[in-house]
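Colleague: This is the structure, below, for whatever I ask next.
The values are calculated or read from the model by the stated rules, or taken from the named source; none is laboratory data. Just so you know, these numbers come straight off a predicted model, no measurement behind them. Every residue, glycine among them, receives a Cβ derived from its backbone with ideal geometry; neighbour counts consider all protein chains shown. Areas reflect the complete protein model, heavy atoms only, side chains present, ligands, DNA and RNA absent. Shrake-Rupley method; radii C 1.70, N 1.55, O 1.52, S 1.80 Å.
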Amino acid sequence: MHQEERDRRRAQAEGLLDGLRQAGVVGVVLPWVDTSGVTRVKAVPVAKLPSAAAWGVGMSPVFDAFLFDDSIVAGRFAGSAVGDLRLHPDLDRLTVLAGQPGWAWAPVDRYDQDGRPHVQDSRSLLRRHVDELAADGLTVKGAFEVEWVIGLADLPEDSDPDAFVPALSGPAYGMTRHIEASDFGRDLLTALASQGVDVDQFHPEYAAGQLEISVAAEDPVAAADTTVLLRHTIKAVSARYRLRASFSPKVTADGVGNGGHVHLSLWRDGDNLMSSGAGTFGLTPDGEAFIAGLLGHLPGLLAVGAPTVASYLRLVPSHWAGAFAVWGLENREAAVRFVTGPAGHRQAAANVEVKSVDAAANPYLLMAGLLAAGRAGLAAGSTLPAPVDVDPATLSEEGRREAGIRSLPASLEEAVRAFEQDDVLTGAFGQELAATIVDVRRGEIAALEGRSPEAVAAALRWVH
């Protein structure tokens, strides 16, 4: 980072101070997401924002090697006590937090002490992949769905303080549950609107105490920022209501879990390449190739998109989780669901939904992996297999084999092995970050080895 850029950032921050103070802001939260998918933060008083913008805020690189329980893996390229990074807030995304009065929020890029982007910084990585697509004349619009559960924070003294007791008791998708969450939902939607988050839908979901928010599509970096901000706001509003929010893929061992589905569409010169083509369901050749890349690399992608041992308690057949490597039109059991949108709106609405991933993922890593996979499909001119219009689990093993239907990894170790063998993904992340992803995943596997599904769910229940 050159001195001119530091001066520009300082001046930008100084120009924001009066407005922040008038809004009652006393401090600015500086978040990043680690390799385990945990959002870590530092914060500065508002008066120190210009200095933070120009020179960053010190933070050890050791967090690249943190596990879910805050233990540290001795990784090949991460985990050392030596070294320092600088957290530089992106002031273009500075947001006054309506859900946390007195605070503002700005996601950070991590730089080394010489002003170079940190080689394992996931936000910088995603921006590079966006720029590479742009160099090919392509843009991607994306959005993360957010599913979560809310539980009671105040439990009887003689009970497990980390137990999950659903705060909502109404039926799945039911009016009763919406009424139970009415005041909470009102305050959450009000806060999100004040923060500039464009919410498309809010509704009760299937599991006990489960809700979902979907948001408008944005460029990939903005989409990842928005999901971090959205989860931050959900946690803050929940705390005011004496509720605990969890985005864990499996809060309890039984039932369905929390997904973190990603919607993507590919564009060139203002045209959606997933619509108005001559291919299946209106796909253009480039739209098909992009989706084929996603589908082909999905086994390895799960090492970043379904990154916990608990993820594979969720990723099971006939649970709308996408346990088979297939695609299909509006097939909610397919790992990749194609969405045309309604007639008359398809040029704007057509997109693909990746269903196998969950909200324990670092959204920047996941989105970068998805873009790399899609771009590899484009480079190879890949084509899609026949779409699947049934739940693959209802077919016999022989029927699935004849149709070329394969299961996705059924454990984190299987996903890690698939990632290690995927040259596209390991190349996209780079030697150091790819190795750290593997080291951290295997660290979690070792930490939870031998535990029952109930114990795995409990260990990760309130981490994400």
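Colleague: Starting from the exponent 0.38 and prefactor 2.2 Å, build the expected Rg for region 204-327 from its residue count and divide its actual Cα Rg by it. List each step's numbers first, then the result.
Modeller: Working: Rg = 17.1 Å, N = 124, 2.2 N^0.38 = 13.7 Å.
For region 204-327, the normalised Cα radius of gyration is 1.25.
Colleague: For Lys355, list the lysines whose Cα falls under 21 Å from its own Cα; do not include residues on the same chain fewer than 8 positions away.
Modeller: Excluding near neighbours in sequence, the set is Lys141, Lys250.
Colleague: Next question, about the same structure. What would the Debye equation give as log₁₀ I(q)/I(0) for region 402-464 at q = 0.18, 0.23, 0.27 Å⁻¹, counting only Cα atoms as equal point scatterers?
Modeller: After summing over all Cα pairs, the log10 values are -0.80, -1.01, -1.13.
Colleague: Here's a follow-up. At a probe size of 1.4 Å, how large is the accessible area of Trp32, to the nearest 10 Å²?
Modeller: Estimated to the nearest 10 Å², Trp32 gives 10 Å².
Colleague: Give me the 1.4 Å probe accessible area per residue for the chain, excluding ligands and nucleic acids, in Å². Before the final figure, lay out each step's value.
Modeller: Numbers: 18440 Å² over 464 residues.
Each residue of the chain exposes 40 Å² on average to a 1.4 Å probe.
Colleague: For a bin width of 5 Å, list the pair-distance distribution of region 169-257 built from all Cα-Cα distances, rounded to whole %.
Modeller: The calculated distribution, bin by bin, is 3, 13, 23, 25, 21, 11, 4, 0.
Colleague: Where a Cα-Cα gap under 18 Å defines reach, which lysines qualify for Lys42, not counting those fewer than 8 residues away within the same chain?
Modeller: Lys235
Colleague: Would you be so kind as to identify which of Leu460, Gln431, Val416 lies farthest towards the positive end of the dipole of region 395-464, taking Lys and Arg as +1 and Asp and Glu as -1 on Cβ and the Cα centre as origin?
Modeller: Leu460
Colleague: Under the Karplus relation 6.51 cos²θ - 1.76 cosθ + 1.60, θ = phi - 60°, what is the ordered set of whole-Hz ³J(HN,Hα) values for region 170-187, x standing for Gly and Pro?
Modeller: Result, ordered by residue: x, x, 4, 6, x, 4, 4, 5, 4, 5, 4, 9, 4, 5, 4, x, 4, 5 Hz.
Colleague: Quick one: give the max-minus-min coordinate of the C-alpha atoms of the chain along each principal axis, largest first, in Å.
Modeller: 65, 58, 50
Colleague: Another question about this same structure. What does the convex hull of the Cα atoms come to per residue for region 113-242, in Å³? Mind showing how you got there, number by number?
Modeller: Numbers: hull volume 21.0 nm³, N = 130.
Cα-based convex hull of region 113-242, divided per residue, equals 162 Å³.
Colleague: What's the carbon and sulfur percent of the chain's accessible surface, probe 1.4 angstrom, rounded to a whole number? Could you put the intermediate results ahead of the total?
Modeller: Values: 9580 of 18440 Å².
With neighbouring chains kept in place, the figure for the chain is 52 percent.
Colleague: Compute, for the chain, the length of the dipole vector about the Cα centre, with Cβ point charges of +1 (Lys, Arg) and -1 (Asp, Glu) only. Units Debye, rounded to 20. Working shown, then result.
Modeller: On the way: 40 positive and 60 negative charges, 136 e Å.
Computed about the Cα centre, the dipole is about 660 debye.
Colleague: Let me ask something else. Helix-only mean residue ellipticity at 222 nm, the chain, DSSP H runs n ≥ 4 weighted -39,500 (n - 2.57), per residue, nearest 500. What is it?
Modeller: Details: 16 runs with 174 residues, N = 464.
Theoretical 222 nm ellipticity from helices: -11500 deg cm²/dmol.
Colleague: Reported to two decimal places, what Rg/Rh ratio describes region 340-441 when computed on Cα atoms with Rh from the Kirkwood expression?
Modeller: Values: Rg = 16.5 Å, Rh = 16.4 Å.
The Rg/Rh ratio comes out at 1.01.
Colleague: Something else: Mind pulling up the Rg/Rh value for region 308-378? Radius of gyration and Kirkwood radius, both on Cα. Don't jump to the answer; show the numbers that get you there.
Modeller: Working: Rg = 13.5 Å, Rh = 13.4 Å.
Reported Rg/Rh, Kirkwood definition of Rh: 1.01.
Colleague: Please give the charge dipole size of region 87-154, origin at the Cα centre, charges +1 on K and R Cβ atoms and -1 on D and E Cβ atoms. Round to the nearest 20 debye. Write down the numbers at each step before the final one.
Modeller: Numbers: 7 positive and 12 negative charges, 22 e Å.
Once rounded to the nearest 20, the dipole reads 100 debye.
Colleague: Same structure, new question: Kirkwood Rh over alpha-carbon pairs of region 1-111, then Stokes-Einstein at 4 °C and 1.567 mPa s: what D in µm² s⁻¹, rounded to an integer? Spell out each step's value before the answer.
Modeller: Working: Rh = 14.8 Å.
The diffusion coefficient I find is 88 µm²/s.
Colleague: With the crude spin-label approximation of a point 7 Å out along Cα→Cβ, what separation in nm comes out for Asp18 versus Glu402?
Modeller: Taking the simple label geometry, Asp18 and Glu402 are separated by 7.5 nm.
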